[in-house]
1. Using 1/(1 + (r/R0)^6) with R0 = 35 angstrom and r between the beta carbons of THR100 and ALA36, what's the FRET efficiency to the nearest 0.05?
2. Give me a comma-separated list of calculated 3J(HN,Hα) values for region 83-97, in order, Karplus coefficients 6.51, -1.76, 1.60 applied at θ = phi - 60°, integers in Hz, x for any Gly or Pro.
3. Taking amide hydrogens as modeled 1.01 Å from N in the peptide plane, which residues meet the under 5 Å criterion relative to THR50, leaving out close sequence neighbours?
4. Excluding residues on the same chain fewer than 8 positions from LYS140, give the aspartates and glutamates whose Cα lies under 13 Å from its Cα.
5. Which distance in nm do the two modelled labels at ASN136 and ASP90 give, with both placed 7 Å along the Cα-to-Cβ direction?
6. In terms of the ratio Rg/(2.2 N^0.38 Å) built on C-alpha atoms, what value belongs to region 42-105?
7. So what does the Cα-only Debye profile of region 49-143 read at q = 0.13, 0.22, 0.23 Å⁻¹, as log10 I(q)/I(0), no solvent term?
Amino acid sequence: MKFQQRLAVAAALGLLLAPAAFAGQAPAPATPAAPAAPRKLISPVRGEATVEYTKPNTKVTGGNVVTVITIKNTSTAPIAGFKLEESWIDKTGTLSGGDTYRHPKPFMPGEIITVTLTTPRNARMASNSYNFTHANGTVKPKNVPKIVPTT
């Protein structure tokens, strides 16, 4: 019997003290926060895309030849599967090395990226060339002295 009395007293105290315990807490929001807007899909460039690039900065670092290029997408749509290939040839025209960069996501309009290409140094290396491509066509590169970000 004493157990039942103690249980009744504890329940009564709980009901009396509960409003005081929750009085300091903020009330729960009446409406849940709106979910974030879904991402809008944009169709990528089909056919010829255009990019601007700065003069490549090529340096020998240790046993590698490192080339750094800044590239800006000047197309009106994203470029899907953007790829830059550097090929080194010797004086006889034989391929003597190269590197490839592939952008991991769509290259958005106005976006500026810095590409670093690293090729093991070869004594036969004489000159290099660049090939810009993308998944849905060709890329028309334009060499500019400086890339200015769009605002």
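FYI, it's all coordinate maths here, none of it is from the lab. Computed from a prediction, not measured in an experiment: that's the story for all the values here. Using ideal geometry, Cβ is built from the backbone for each residue, glycine included, and neighbour counts are taken over all protein chains shown.
1. Computed FRET efficiency for THR100 and ALA36 comes out at 0.45.
2. The phi angles translate into 9, 10, 10, 10, 10, 9, 10, 8, 5, 8, x, 8, 5, 10, x Hz.
3. Here the answer is THR74, SER75, LYS140, since their amide H atoms fall under 5 Å of that of THR50.
4. Excluding near neighbours in sequence, the set is GLU48, GLU52.
5. Taking the simple label geometry, ASN136 and ASP90 are separated by 4.2 nm.
6. 1.38
7. Here the Debye-derived log intensity ratios amount to -0.45, -1.07, -1.13.
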